[in-house]
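Below you'll find the structure, written out as structure tokens, and then a few comments.
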Amino acid sequence: MDEIYDLIIIGAGTAGLVTAQYACRSNLNALVIEEKMEGGQATLIPLLENYPGFPEPIDGFTFAEKMKLQAVQFGSKFLSGKVTGLGKKKHLFSVSVEKSDDSIQTLEAKTVVLATGAAHRQLGIPGEFEFYGKGVSYCANCDGPLFRNKHIVIIGGGDAACDEAGFLAHLTDRVTIIHRKHTFRAQRALAERTLKNPHIHVRFNSVVTAINGSKNENGHEKLTSITVENVHTGAAEEVACDAVFISIGMDPRTELAALARKDEAGYLITDENMQTSIPGLFAAGDLRAKPFRQLVTAAADGAIAARSAAEYIDIHIRGT
Ligand code: NDP
């Protein structure tokens, strides 16, 4: 008979990896399924400076590697693949996983923690799609070094945009942040540091309405400018630049939990034990409706979700 897992964790970002670690420490037989690289959003943070216990900033990639190692050391198993279906029959969940060879594997579990996080939001403006990978990017840590000493534009005003601007300002002295409001949404200390950075120029009350480019001497498409509009006056201006990093937030990835309760923005509603409206299905991390999305709150969600899954199995499955 195929193995029935105590817990399947979908998503290996901070929430998923911490869930795995805590679940295994509670003697649950846990499997983590991840479609891409383990570590999730943490891997995109150039220098993580607000995670407790790391007074010296640590790069997000190393941080994520350490989290995975901890989960592995406690006995967590990992499977690479895309979860395409999640269902529940009586007490058992079935999880369909599409593997890299296109085969589908169906697994069973007593509980599931959804830790699929959120996906990068897109602007939907002309040029965004056409110049993706040719100057447009959603990941400063990944693609920033390609634009050393160039003029880099960042769109957005949250923690991520300010964090990324700080990182990029080490690579070039020409970083421009374009934000639609008159102040940053980012945490105050980060916003103040961004405003003081001599390499960062900020254009508030402005939106980018188009990303423009042309063919270079080799016939390759190349991003060359953006069109910026003042939200008050409507005045439009073309600004020359070499790269555009879009950092306007994320959308929760909740498609696997179509029947679970969500808030008006589409985030999964849980109780304080991370229990969704479907018994035995828990949620942890950025896909959950909550006031503050941080690595530290994702980690806390994971610890609670693992404990709740263990309790659920004791009460509802083992009947103890
Ligand atoms: P946020 O949702 O916090 O910020 C998104 C920003 O993009 C806002 O300034 C928003 O503007 C702007 N925006 C959204 N849509 C558009 C649009 N269509 N056009 C122009 N601008 C737009 O997302 P982040 O990615 O910054 O952060 C996600 C979560 O991760 C947050 O909870 C954040 O705290 C956390 N995080 C924490 C870090 C840290 O602690 N170091 C680092 C990175 C992320 P407006 O303000 O007008 O709504």
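The values are calculated or read from the model by the stated rules, or taken from the named source; none is laboratory data. Remember, it's a predicted structure, so these values are computed and weren't measured experimentally. Cβ sites come from the backbone with ideal geometry, for glycine too, and all protein chains shown count toward neighbours. Heavy atoms of the whole protein, side chains included, go into the accessibility calculation; ligands, DNA and RNA do not. Shrake-Rupley method; radii C 1.70, N 1.55, O 1.52, S 1.80 Å.
When Asp143, Asp173 are checked against the criterion of being assigned to a helix (DSSP H, G or I), in contact (Cβ under 8 Å) with a residue 24 or more places away in the chain and either touching a helix residue (DSSP H, G or I) at 6+ places or on another chain (Cβ under 7 Å) or surrounded by fewer than 20 Cβ atoms within 10 Å (Cβ to Cβ) (or both), Asp143 stands alone in meeting it.
When we screen Val239, Val231, Val244 for residues that are among the β-branched types (Val, Ile, Thr), touching a residue at least 60 places away in the same chain (Cβ under 8 Å) and over 30 Å from Thr116 (Cβ atoms), the only hit is Val239.
Please give the number of the condition Gly302 fails out of (1) open to solvent by 30 Å² or more (accessible area, probe 1.4 Å); (2) over 24 Å from Ser137 (Cα atoms); (3) of a type outside the set (Asp, Glu). Condition (1) is where Gly302 drops out.
Pairs meeting the criteria (first residue in region 285-312 and within 18 Å of Ala260 (Cβ to Cβ), second residue assigned to a loop (DSSP other than H, G, I, E, B) and of a type in the set (Lys, Arg), beta carbons under 9 Å, at least 6 apart or on different chains) are Gly285/Arg293; Asp286/Arg253; Asp286/Arg293; Leu287/Arg253; Asp301/Lys290.
Restricting to region 113-140, give me the number of residues that are within 30 Å of His316 (Cα to Cα) and assigned to a loop (DSSP other than H, G, I, E, B). Matching residues across region 113-140 total 3. Listed by first and then second residue, the pairs linking a residue in region 247-263 that is at positive phi to a residue that is within 10 Å of the ligand (Cβ to nearest atom) and open to solvent by 70 Å² or more (accessible area, probe 1.4 Å), with Cβ atoms under 7 Å apart and 6 or more places separating them unless they lie on different chains, are Gly249/Arg121.
Of the residues that make up region 264-279, is at least one open to solvent by less than 40 Å² (accessible area, probe 1.4 Å) and out of contact with any helix residue (DSSP H, G or I) (no Cβ under 9 Å at 6 or more places or on another chain)? Scanning region 264-279, I find at least one residue that is open to solvent by less than 40 Å² (accessible area, probe 1.4 Å) and out of contact with any helix residue (DSSP H, G or I) (no Cβ under 9 Å at 6 or more places or on another chain), so the answer is yes.
Can you tell which of Leu44, Leu28, Leu107, Leu79 is more than 30 Å from Ile317 (Cα to Cα) and among the aliphatic types (A, V, I, L, M)? Walk me through it before giving the result.
Details: Leu28 fails: more than 30 Å from Ile317 (Cα to Cα); Leu107 fails: more than 30 Å from Ile317 (Cα to Cα); Leu79 fails: more than 30 Å from Ile317 (Cα to Cα).
From the options Leu44, Leu28, Leu107, Leu79, the qualifying one is Leu44.
The residues on offer are Ala115, Ala109, Ala169, Ala140, and the sole one that is modelled with pLDDT under 95 and either within 27 Å of Ser80 (Cα to Cα) or more than 14 Å from the ligand (Cβ to nearest atom) (or both) is Ala140.
When the residues of region 28-53 are filtered to those that are open to solvent by 20 Å² or more (accessible area, probe 1.4 Å) and under 18 Å from Phe282 (Cα atoms), the one that is farthest from the ligand (Cβ to nearest atom) is Asn29.
Among the candidates Asn212, Asn205, the residue that is at pLDDT 95 or above, within 14 Å of the ligand (Cβ to nearest atom), surrounded by 13 or more Cβ atoms within 10 Å (Cβ to Cβ) and not aliphatic (A, V, I, L, M) is uniquely Asn205.
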